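Contents: one structure, followed by commentary.
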Amino acid sequence: GAVVSQHPSWVICKSGTSVKIECRSLDFQATTMFWYRQFPKQSLMLMATSNEGSKATYEQGVEKDKFLINHASLTLSTLTVTSAHPEDSSFYICSARDRLSVKMVFGPGTRLTVT
Amino acid sequence: GEDVEQSLFLSVREGDSSVINCTYTDSSSTYLYWYKQEPGAGLQLLTYIFSNMDMKQDQRLTVLLNKKDKHLSLRIADTQTGDSAIYFCAESISNTGKLIFGQGTTLQVKP
């Protein structure tokens, strides 16, 4: 079945540094991937839609210059949290849908802690 | 705007049935999903239903959809302790692929 991986699974970084998170579709191609953020004991909030070969579409209130998204291939999207601050600490989850399926598959998530 | 609501907590005894309810607002939703999240883990797709269906059964899981009332439910038969997790319902937004999630229902299964 369709599998989405994320790397790293967890990362700790210092305030002011940047962190890149990768999202890969392992056995299918995805022209569109999605990035979500989940705070502890809360639901998932959609941050942006990552489009292969074009600019990402950001949800209202999400800073595009802070959360840089690149979707350079049909199997890889990256989210870079720039100049990270402690309030950016969260669980970041990506998802993708096989073009031939209606199933939206989620990655295992990346836990970011900014100290 | 789109909104999905769920009750926050449900406690059942092992062997009983669990019913988790969800309401949504976007009448143009094409698919509705149920996901399971265990502590510290990502989301596991449990099942989904197309908006023109009213029921779908998959082993212990039964999904009921009342499109008129925009109400979705997930029934877990013979609930086991391994079913303890947070369950999210989500609606897809037209053909965008975006999912709007409910707050999640924490299911506690007592032995």
Selection count where residues are surrounded by fewer than 15 Cβ atoms within 10 Å (Cβ to Cβ), more than 10 Å from chain B (Cβ to nearest Cβ) and among the basic types (K, R), scope region A:21-64: 2
Verdict on B:L65 being part of a strand (DSSP E or B), within 18 Å of A:V102 (Cα to Cα), at pLDDT 90 or above and hydrophobic (A, V, I, L, M, F, W, C): yes
Any hit, region A:5-27, residues being under 28 Å from B:W34 (Cβ atoms), among the aliphatic types (A, V, I, L, M), touching a residue at least 60 places away in the same chain (Cβ under 8 Å) and in contact with a strand residue (DSSP E or B) (Cβ under 8 Å, 6 or more places away or on another chain): yes
A:F34 out of contact with any strand residue (DSSP E or B) (no Cβ under 6 Å at 6 or more places or on another chain), in contact (Cβ under 8 Å) with a residue 24 or more places away in the chain and farther than 18 Å from A:P86 by Cβ: no
Those residues of region B:12-53 which are more than 10 Å from chain A (Cβ to nearest Cβ), surrounded by 12 or more Cβ atoms within 10 Å (Cβ to Cβ) and over 12 Å from the mean Cα position of the chain (by Cα), in sequence order: B:V12, B:E14, B:D16, B:S17, B:T25, B:D26, B:S29, B:E38, B:S51, B:M53
Number of positions in region A:66-115 that are part of a loop (DSSP other than H, G, I, E, B), of a type in the set (S, T, N, Q) and closer than 15 Å to A:F34 by Cα: 1
Subset tally (residues that are under 10 Å from the mean Cα position of the chain (by Cα) and surrounded by fewer than 19 Cβ atoms within 10 Å (Cβ to Cβ)) for region A:75-109: 1
Any chance B:Q108 is closer than 30 Å to A:R111 by Cα, in contact with an Asp or Glu (Cβ under 9 Å, 6 or more places away or on another chain) and assigned to a strand (DSSP E or B): no
All positions within region A:36-53 that are modelled with pLDDT of 90 or more and closer than 13 Å to B:F101 by Cα: A:Y36, A:R37, A:Q38, A:S43, A:L44, A:M45, A:L46, A:M47
Counted residues, region A:67-115 - those being touching a strand residue (DSSP E or B) at 6+ places or on another chain (Cβ under 7 Å) and away from chain B (no Cβ under 14 Å): 18
Where a residue in region A:40-62 is under 20 Å from A:D98 (Cα atoms) and its partner, wherever it lies, is aliphatic (A, V, I, L, M) and not in a loop (DSSP other than H, G, I, E, B), with Cβ under 6 Å and at least six apart: A:A48/A:I69; A:S50/A:M33; A:S50/A:I69; A:A56/A:A48; A:A56/A:I69
Number of positions in region B:80-102 that are away from chain A (no Cβ under 11 Å), crowded, with 20+ Cβ neighbours inside 10 Å and small (G, A, S): 1
B:K67 being surrounded by fewer than 18 Cβ atoms within 10 Å (Cβ to Cβ), in contact with a strand residue (DSSP E or B) (Cβ under 7 Å, 6 or more places away or on another chain) and of a type in the set (K, R): no
Region A:6-32, residues that are modelled with pLDDT of 95 or more and assigned to a strand (DSSP E or B): A:Q6, A:H7, A:W10, A:V11, A:I12, A:C13, A:V19, A:K20, A:I21, A:E22, A:C23, A:R24
Criterion: under 20 Å from B:S94 (Cβ atoms) and either modelled with pLDDT of 95 or more or acidic (D, E) (or both) - qualifying residue of B:D26, B:D78: B:D26
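The values are calculated or read from the model by the stated rules, or taken from the named source; none is laboratory data. The structure presented is a predicted model; accordingly, all values stated were derived computationally and were not measured. So basically every Cβ, Gly included, is an ideal-geometry build from the backbone, and we count neighbours across all protein chains shown.
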